[in-house]
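Everything below concerns the one structure shown next.
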Amino acid sequence: MRAVAVYPVQREVRVIDHPEPKLTSPTQAKMRVLDIGVCGTDREITSFEYGTPPDGFDYLIIGHESLSEVLEVGAQVSKVKPGDLVIITVRRPCPHPECVACRAGRQDFCYTGDFTERGIKQNHGYMTEFVVEEERYLNPVPRELRDVGVLVEPLTIAEKSLEQLWTVQQRLPWNDHRRAVVLGAGPVGLLGAMALKVEGFEVTVYSRSADHAEKNDIVSAIGAQYIAAETHSAEEMAKIVGSIDVVYEATGASSVAFDVLKHLGPNAVFIFTGVPGCNPPIPVDTDEIMRNMVLNNQLVLGSVNAPPQSFASAIQHLGIFATRWPQTLRSVITGRFPLERALDALKNQPGGVKNVVAVAS
Ligand SMILES: [Zn+2]
Ligand SMILES: [Zn+2]
């Protein structure tokens, strides 16, 4: 079968022929891949910044944002049946008995770092025609979400963040969180803005982007406001928004993030999800930030990867988005490319939001 693979040593990315996988246990299912989303992680892997092939291979099949259709199931599989649409999770547990997180099925909190990730770290991904996976890593998706289901995985970043937010805010004996600021207007930011909106927040998207008009259309269609970082300082943005309760950071731009961190409201939570590159140090007013954080009971947390319940809530939220904002949600997907043209999908398209490799229809 065809697959898109990266060869880190040879520094090559190409469409290859890879053996078609077969069921090897009664708890597995075999899927036909339909759509694969492409994100910054894939662009970094195909620029050879990271990405590790599985043991015994000199290549890694990329792709972690998947939508696929069940073809065949093992005798003990009960959660899905042939014809069902599914999203497969990405991270697999580390092998160490002492890692309580992985042993509890919460490899998103792995202590050892020896987890694997399909399409990223020591485990082949989904940018191919067929995949086999254990039933416990499959999440059924309603047929109505066929055209947008590939957005579930990038939405799980916001879903885990929300789960963390509700958990840590149990420290407040009331439930009154109103104003959320999303940093960044890429797919992760826009999907996060939709999730926060559905959860009842007044949402502001604060972003630096070349294609304001298009992003602005999506943001206003969901009833959020867009503030451009080029024309408004973090302080000005915070004045317009009012007291900020939550920041959902989805850019990996640390300078903007630390500027905004100075302007949080009382009892606010700042959630980092972006992974910055290794840039030179920048000056940060640490006294001001520390003083604010203490005097306002503020909390900063980082969040990575997503547990099964975040996939379930992403699927549920995506269904709500598809009903509330059908056109807008579809407009997040800006390009569909056949497998042979996957390398074009990996290039940053001007004005593009989310590119998808459409493997099968
Ligand atoms: Zn991704
Ligand atoms: Zn672990």
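Each value in this text was obtained by applying a stated rule to the coordinates, not by laboratory testing. Note that the structure is predicted; figures quoted are calculated from it, not measured. Cβ sites come from the backbone with ideal geometry, for glycine too, and all protein chains shown count toward neighbours.
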Cα gyration tensor, segment 106-178 - rounded (a/c under 1.5), prolate or oblate
oblate
Taking Cα atoms, how many degrees apart are the long axis of helix 152-168 and the longest axis of the chain, rounded to 10 and kept between 0 and 90?
50 degrees
Which lysines, on any chain, are close to residue 347 with Cα under 23 Å apart, when same-chain ones fewer than 8 places away are left out?
121, 215
Checking the a/c ratio against 1.5 first, then a/b against b/c, what shape does the Cα gyration tensor give for segment 1-149?
oblate
Tell me what the chain gives for mean residue ellipticity at 222 nm when only DSSP H runs of n ≥ 4 count, each as -39,500 (n - 2.57), the sum divided by the residue total, rounded to 500 deg cm²/dmol.
-8000 deg cm²/dmol
If the label point sits 7 Å along Cα→Cβ of residue 104, residues of segment 292-308 with amide N under 15 Å come out as 307-308
Separation of segment 227-305 and segment 85-154 by C-alpha centroid, Å?
30 Å
List the aspartates and glutamates whose Cα lies under 17 Å from the Cα of residue 79, skipping any in the same chain that are fewer than 8 positions away.
69, 133, 134, 135
For a quick check: with amide H placed at 1.01 Å from N, whose amide H comes under 5 Å from residue 65's, ignoring anything fewer than 5 positions away on the same chain?
37
Each residue of segment 322-327 in turn: what ³J(HN,Hα) in whole Hz from Karplus with 6.51, -1.76, 1.60 and θ = phi - 60°, glycine and Pro shown as x?
5, 7, 6, 10, x, 5
Helix axis angle, 212-221 relative to the chain longest principal axis, alpha carbon, degrees
90 degrees
Phi-derived 3J(HN,Hα) across segment 145-150 with the Karplus relation (6.51, -1.76, 1.60, θ = phi - 60°), rounded Hz, x for Gly and Pro, is 9, 3, 7, 10, x, 5
Residues of segment 262-304 with amide nitrogen under 14 Å from the 7 Å Cα-to-Cβ point of residue 235?
262-264, 285, 288-289
Give, in nm to one decimal, the length gained when the segment between residue 208 and residue 291 is fully stretched (0.36 nm per residue of separation minus the Cα-Cα distance).
27.1 nm
Taking the Cβ-Cβ separation of residue 55 and residue 334 as r and a Förster radius of 51 Å, what is the calculated FRET efficiency to the nearest 0.05?
0.90
Exposure proxy check: 167, 156, 112, 46 ranked by fewest other beta carbons within 10 Å?
167, 112, 46, 156
Sort out the exposed loop trypsin sites (Lys or Arg not before Pro) in the chain (DSSP loop, at most 11 other Cβ within 10 Å) and tell me the longest stretch that has none.
23-361
Give me, ordered by chain and number, the residues 5 or more places off residue 298 or on other chains with an amide H under 5 Å from its own placed amide H.
267
Which aspartates and glutamates have a Cα less than 18 Å from the Cα of residue 160, not counting those fewer than 8 places away in the same chain?
65, 108, 117, 199, 245, 249
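Could you please tell me the mean projected area of the C-alpha convex hull for the chain, averaged over all directions and given in square nanometres to one decimal?
Projected over every direction and averaged, the Cα hull of the chain covers 18.7 nm².
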